[in-house]
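First up is the structure itself, then whatever we jot down about it.
The values are calculated or read from the model by the stated rules, or taken from the named source; none is laboratory data. All figures in this text were calculated on a predicted structure; none of them were measured in a lab. Please note: Cβ atoms are built from the backbone with ideal geometry, for glycine as well, and neighbour counts cover all protein chains shown. Just so you know, the surface numbers come from the protein's heavy atoms only, side chains and all, with ligands and any DNA or RNA stripped out. Shrake-Rupley method; radii C 1.70, N 1.55, O 1.52, S 1.80 Å.
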Amino acid sequence: MSQLVRFGVSMDKRLLATLDAIVKRRGYANRSEAIRDLVRSEQVRESWESGKGPAVATLTIVYDHHVHEVDGHLTDLQHDHEDLVHSAMHVHLSHRMCLEVIVMRGKPKRIQKLADRLTAARGVKHGQLVVTTDEELV
Ligand code: NI
């Protein structure tokens, strides 16, 4: 059960203006909602950087499937890490380009290493890893 606690925060007027700009730009209902998300964001970042995990992350890659054996290589890499790779979604973007979103769960270092290898593969034009956590967030 959620236990809300009210507390006072002191900050420089200019920093508060920055917070209010974030609240407005992102459409938060109030400062409290924004601060809660900022704290969660730090919690996820610290959890990832601690390396303890398990973490959850998605890697989005865009690649040229006409490049020789790229599909097989990307699939082999994922099969070699079957304990890490949870699922994958493939989208045929155009005649030439494919997009793949790969969901991974495990130790941050292993996720990062696999993401680096997939992104560095020949034919892959762009890769972006988005990290979150499987910890229960309040
Ligand atoms: Ni495709």
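Could you please give the count of residues in region 1-32 that are touching a residue at least 12 places away in the same chain (Cβ under 8 Å) and either under 22 Å from the mean Cα position of the chain (by Cα) or surrounded by 11 or more Cβ atoms within 10 Å (Cβ to Cβ) (or both)?
Of the residues in region 1-32, 3 are touching a residue at least 12 places away in the same chain (Cβ under 8 Å) and either under 22 Å from the mean Cα position of the chain (by Cα) or surrounded by 11 or more Cβ atoms within 10 Å (Cβ to Cβ) (or both).
I'm checking my understanding of the structure. Among residues of region 101-119 that are away from the ligand (no atom under 16 Å from the Cβ) and in a strand (DSSP E or B), which one is most open to solvent (accessible area, probe 1.4 Å)? Lay out the reasoning, then the answer.
We begin by selecting, within region 101-119, every residue away from the ligand (no atom under 16 Å from the Cβ); these are 103-117, 119.
Right, trim to in a strand (DSSP E or B) and you get 103-106.
Working: 103: 41, 104: 0, 105: 112, 106: 12 Å².
Among those residues, the one meeting the criterion is 105.
Output yes when any residue across region 33-40 is open to solvent by less than 30 Å² (accessible area, probe 1.4 Å), more than 16 Å from the ligand (Cβ to nearest atom) and within 15 Å of the chain's Cα centre (by Cα), and no when none is. Steps first, answer last, please.
Restricting attention to region 33-40, the residues satisfying the condition of being open to solvent by less than 30 Å² (accessible area, probe 1.4 Å) are 34.
Checking the rest, the ones that are also more than 16 Å from the ligand (Cβ to nearest atom) come to 34.
When the remaining residues are screened for being within 15 Å of the chain's Cα centre (by Cα), the result is none.
Scanning region 33-40, I find no residue that is open to solvent by less than 30 Å² (accessible area, probe 1.4 Å), more than 16 Å from the ligand (Cβ to nearest atom) and within 15 Å of the chain's Cα centre (by Cα), so the answer is no.
Can you tell me which residue is least open to solvent (accessible area, probe 1.4 Å) among those in region 67-100 that are over 26 Å from residue 54 (Cβ atoms) and among the charged types (D, E, K, R)?
Once the filter is applied, the top-ranked residue is 71.
I'd like the residue in region 41-66 that is assigned to a helix (DSSP H, G or I) and open to solvent by less than 30 Å² (accessible area, probe 1.4 Å) and, out of all such residues, is nearest to residue 137 (Cα to Cα). It would help to see each step written out before you state the result.
Here is the first cut: in region 41-66, the residues assigned to a helix (DSSP H, G or I) are 41-50.
Now drop any that are not open to solvent by less than 30 Å² (accessible area, probe 1.4 Å), which leaves 44, 47.
Working: 44: 9, 47: 12 Å.
Filtering first and then ranking leaves 44.
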